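Step one of this worksheet: look at the structure below.
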Amino acid sequence: MAYEDIGHGHPAGWAAMACSHLARLTRSALPVICSVYASAHGDETMGEHRDDCLVAVIHAAGAKEWRIGG
């Protein structure tokens, strides 16, 4: 289960504010989004992929092997 861009549409909420601060810190032209994940061990629903934004991940439940970068 994934909830993508949880701050979208709620600019005063904690997720939108966190993304705004992270965007300033990274000084990147890419947008920053916050996403929440819950997964069972071995779940590969999203598969290996690259995002066209910076993602702050909150892994709320379950287990997943995350590969960051390269």
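Within the listed set HIS59, HIS41, HIS21, the residue fluctuating most in the Gaussian network model of the chain (springs between alpha-carbon atoms under 10 angstrom) is HIS41. Residues whose amide H comes within less than 5 Å of that of GLY62, counting only those at least five positions distant or on another chain, are SER39 (H built at 1.01 Å from N in the peptide plane). For the chain, the share of DSSP beta bridges that are antiparallel, to the nearest 5, is 20%. When you filter the trypsin sites (Lys or Arg not before Pro) in region 3-70 for DSSP loop state and at most 13 other Cβ atoms inside 10 Å of their Cβ, you are left with ARG27, ARG50, ARG67.
What the phi angles of region 25-37 give under the Karplus curve with 6.51, -1.76 and 1.60, with θ = phi - 60°, is a coupling list of 5, 6, 6, 9, 6, 6, x, 10, 10, 10, 10, 10, 10 Hz, glycine and proline written as x. Using only the C-alpha atoms, the convex hull of the chain corresponds to 97 Å³ per residue.
For ALA56, nonlocal amide neighbours, meaning residues 5 or more places apart or on other chains whose placed amide H falls under 5 Å from its own, are ILE33, CYS34, SER35. Taking the chain, which chymotrypsin sites (Phe, Trp or Tyr not before Pro) meet the DSSP loop condition and have no more than 15 other C-beta atoms within 10 Å? When the chymotrypsin sites (Phe, Trp or Tyr not before Pro) of the chain are filtered for loop state and at most 15 Cβ neighbours within 10 Å, TRP66 remain. Per atom type, the chain shows carbon and sulfur on 58% of its accessible surface, probed at 1.4 Å. As a calculated quantity, the FRET efficiency between GLU48 and ARG27 at R0 = 30 Å, using C-beta atoms, amounts to about 0.65. Each of ALA63 and ALA40 was given a label point 7 Å from its Cα along the Cα-to-Cβ line. The distance between the two points is 1.4 nm. What the chain shows is 78 Å² of accessible area per residue, with the surface traced by a 1.4 Å probe over protein heavy atoms.
The figure for LEU30 is an accessible area of roughly 80 square angstrom, using a 1.4 Å probe on the protein chains alone.
Taking Cα centre as origin and charging only the Cβ of basic (Lys, Arg, +1) and acidic (Asp, Glu, -1) residues, the dipole magnitude of the chain rounds to 340 debye.
The values are calculated or read from the model by the stated rules, or taken from the named source; none is laboratory data. Keep in mind it's a predicted model, so treat the numbers as computed, not measured. Note that each Cβ is placed from the backbone with ideal geometry, even for glycine, and that neighbours are counted across all protein chains shown. These area figures cover heavy atoms from the full protein model, side chains too; ligands, DNA and RNA do not enter into them. Shrake-Rupley method; radii C 1.70, N 1.55, O 1.52, S 1.80 Å.
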